[in-house]
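The values are calculated or read from the model by the stated rules, or taken from the named source; none is laboratory data. Since this is a predicted model, take the numbers as computed values, not measurements. Methodologically, a virtual Cβ is constructed for each residue, glycine included, from the backbone with ideal geometry; neighbour enumeration extends over all protein chains shown. Areas reflect the complete protein model, heavy atoms only, side chains present, ligands, DNA and RNA absent. Shrake-Rupley method; radii C 1.70, N 1.55, O 1.52, S 1.80 Å.
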Amino acid sequence: MQPVRKRPLGKTSLEVSELGLGTWGLSGDGYGPVVLPEVDRVLDRAVASGVNLFDTADVYGRGAMEKKLGARLPKDKTYVVTKIGTDLEASPAQKRFDPSYLRVAFERSRERLDRSPLDVVLLHNPTEHALAKTETVAFMKELEERGLVRAWGVSVGSVEVGRAAIRAGARVIELAYNVFFAKDLHALSADVKEHGTGVLARSVLAHGLLTGHWSPEREFYAGDHRADRWNSKELAQRIQQLDALRPFAKAEDVGTLRSVALRFVLANQLVSSAIVGPRSVAQFDQLEREAGEPPYLKDTVMVELAARLKAVGVEV
Ligand SMILES: NC(=O)c1ccc[n+]([C@@H]2O[C@H](COP(=O)([O-])OP(=O)(O)OC[C@H]3O[C@@H](n4cnc5c(N)ncnc54)[C@H](OP(=O)(O)O)[C@@H]3O)[C@@H](O)[C@H]2O)c1
């Protein structure tokens with residue numbers, strides 16, 4: 001087995017595995033239920049394979065996923081990224097980034113993860129307005145200055161929030177980045193380079209779409225966020241656009257669309273870790289195998305890929 005390749009997480013002191021394990025899907029939120037023994041097996045398999053980065057949030061499973069990671073991961077060889085800023089006790093749940101709330105949320109995460117310091121704590125999808133509050137950023141910086149976290153950062157949902165986060169001093173940003181949705185990171189590239197920000201790329205498979213296995217009639221169960229993500233026309237269009245990528249999957253060393261998707265993300269040296277979201281050991285094994293090795297996708301392939309995508313209306 002190849003040793004897991006690592007990359008620096010920006011200017012933090014952490015060296016993280018190129019593939020990180022996301023735990024939203026494993027928590028049962030987002031994609032529907034997962035049997036508990038399989039969750040344990042995926043976590044154990046990831047650790048055994050040398051994955052040292054685990055991505056979670058205080059809301060996944062209403063805290064249950066943090067608790068699971070706290071109990072199951074070997075603390076001497078893993079890092080956990082968690083996210084705070086969603087008050088589930090409010091009715092309805094609301095985003096809160098005021099220090100009085102963040103302090104309580106941070107303490108709860110620390111207790112559940114049972115680590116000190118926490119490795120990486122991100123604000124969970126704040127708006128630009130929330131991030132503009134100096135007391136919010138000051139609170140996160142203070143956590144780092146007091147040695148309570150190794151690095152703070154922001155999970156971002158737009159270029160504007162990403163730019164604001166980087167310029168406010170976030171050491172790490174997490175954002176959606178995949179072959180169908182690359183424009184945010186590309187727009188942020190100059191800022192990321194200038195500030196040496198660590199980048200965690202999520203939704204590498206566009207929630208499974210990029211595996212290329214779906215039929216246009218695919219329906220999602222209630223409780224699966226994908227039921228609300230695309231209407232049937234959009235889904236059919238997305239599936240058709242995958243044809244632009246299929247020739248690249250035919251290359252001998254690539255083989256599948258999943259591999260094209262993974263390699264596209266790993267080929268970007270600004271990405272510290274691709275946070276994948278397998279929900280079974282079989283899926284994890286496929287991802288690990290198909291990630292391939294450097295240079296992942298040659299420059300000439302990247303150029304051709306961007307041109308083919310542009311021709312079907314996808315801007316890379
Ligand atoms: N705002 C945020 O901070 C935020 C938002 C989203 C995600 N995240 C993090 O990023 C992680 C990954 O995000 P994501 O769920 O959007 O990721 P993704 O990797 O794009 O999609 C995950 C889905 O892809 C499918 N899949 C995974 N491995 C597969 C394989 N080998 N073969 C076929 N299908 C496969 C599974 O769906 P099927 O049910 O179709 O098998 C799985 O639920 C999350 O777990 C979470 O930790 C963070």
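ASP228 passes all but one of (1) away from the ligand (no atom under 12 Å from the Cβ); (2) touching a residue at least 12 places away in the same chain (Cβ under 8 Å); (3) among the acidic types (Asp, Glu); which number fails?
Single failed check for ASP228: (2).
Filter the range 112-144 for residues that are part of a helix (DSSP H, G or I) and either free of Cβ contacts under 8 Å to residues at least 12 places away in the same chain or of a type in the set (A, V, I, L, M, F, W, C) (or both) and give the result. It would help to see each step written out before you state the result.
Start the filter on the range 112-144 by keeping residues that are part of a helix (DSSP H, G or I), which leaves 112-113, 128-131, 134-144.
Scanning the range 112-144 gives LEU113, HIS129, ALA130, LEU131, THR134, VAL137, ALA138, PHE139, MET140, GLU142, LEU143.
Is it the case, given these coordinates, that VAL316 is over 19 Å from LEU21 (Cβ atoms), surrounded by 21 or more Cβ atoms within 10 Å (Cβ to Cβ), more than 10 Å from the ligand (Cβ to nearest atom) and within 19 Å of the chain's Cα centre (by Cα)?
Details: over 19 Å from LEU21 (Cβ atoms): yes; surrounded by 21 or more Cβ atoms within 10 Å (Cβ to Cβ): no; more than 10 Å from the ligand (Cβ to nearest atom): yes; within 19 Å of the chain's Cα centre (by Cα): yes.
No.
When residues of the range 256-282 are filtered for being assigned to a strand (DSSP E or B) and farther than 17 Å from GLU15 by Cα, how many remain? Step through it out loud before you land on a result.
So in the range 256-282, the residues assigned to a strand (DSSP E or B) come out as 273-276.
Now narrow it down to the ones that are farther than 17 Å from GLU15 by Cα: 276.
Matching residues across the range 256-282 total 1.
Results for (1) under 15 Å from the mean Cα position of the chain (by Cα); (2) assigned to a loop (DSSP other than H, G, I, E, B), shown as yes or no for each residue.
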{"residue": "SER189", "(1), (2)": "no, no"}
{"residue": "LEU200", "(1), (2)": "yes, no"}
{"residue": "VAL204", "(1), (2)": "yes, yes"}
{"residue": "LEU209", "(1), (2)": "no, no"}
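Between GLY61, GLY85, GLY50, GLY25, which is of a type outside the set (S, T, N, Q) and away from the ligand (no atom under 16 Å from the Cβ)?
Working: GLY61 fails: away from the ligand (no atom under 16 Å from the Cβ); GLY85 fails: away from the ligand (no atom under 16 Å from the Cβ); GLY25 fails: away from the ligand (no atom under 16 Å from the Cβ).
GLY50 is the lone residue from the list that is of a type outside the set (S, T, N, Q) and away from the ligand (no atom under 16 Å from the Cβ).
Which of the following residues is touching a helix residue (DSSP H, G or I) at 6+ places or on another chain (Cβ under 9 Å), away from the ligand (no atom under 13 Å from the Cβ) and either among the small types (Gly, Ala, Ser) or assigned to a loop (DSSP other than H, G, I, E, B) (or both): LEU242, LEU309, LEU297, LEU305?
Details: LEU242 fails: either among the small types (Gly, Ala, Ser) or assigned to a loop (DSSP other than H, G, I, E, B) (or both); LEU309 fails: either among the small types (Gly, Ala, Ser) or assigned to a loop (DSSP other than H, G, I, E, B) (or both); LEU305 fails: either among the small types (Gly, Ala, Ser) or assigned to a loop (DSSP other than H, G, I, E, B) (or both).
One residue alone meets the criteria, LEU297.
Out of the residues in the range 145-181 that are of a type in the set (Ser, Thr, Tyr) and touching a helix residue (DSSP H, G or I) at 6+ places or on another chain (Cβ under 8 Å), which is farthest from the ligand (Cβ to nearest atom)?
The first filter runs over the range 145-181 and keeps only residues of a type in the set (Ser, Thr, Tyr), leaving 155, 158, 177.
Those left that are additionally touching a helix residue (DSSP H, G or I) at 6+ places or on another chain (Cβ under 8 Å): 158, 177.
Working: SER158: 12, TYR177: 10 Å.
Looking at residues that are of a type in the set (Ser, Thr, Tyr) and touching a helix residue (DSSP H, G or I) at 6+ places or on another chain (Cβ under 8 Å), I get SER158.
Being of a type in the set (Gly, Ala, Ser), at negative phi and at pLDDT below 95 narrows it down to one residue among ALA274, ALA251; which is it?
ALA251
Would you confirm, using the coordinates I've provided, whether GLU217 is open to solvent by 20 Å² or more (accessible area, probe 1.4 Å), more than 12 Å from the ligand (Cβ to nearest atom) and modelled with pLDDT under 95?
Values: open to solvent by 20 Å² or more (accessible area, probe 1.4 Å): yes; more than 12 Å from the ligand (Cβ to nearest atom): yes; modelled with pLDDT under 95: yes.
Against the criterion (open to solvent by 20 Å² or more (accessible area, probe 1.4 Å), more than 12 Å from the ligand (Cβ to nearest atom) and modelled with pLDDT under 95), GLU217 qualifies.
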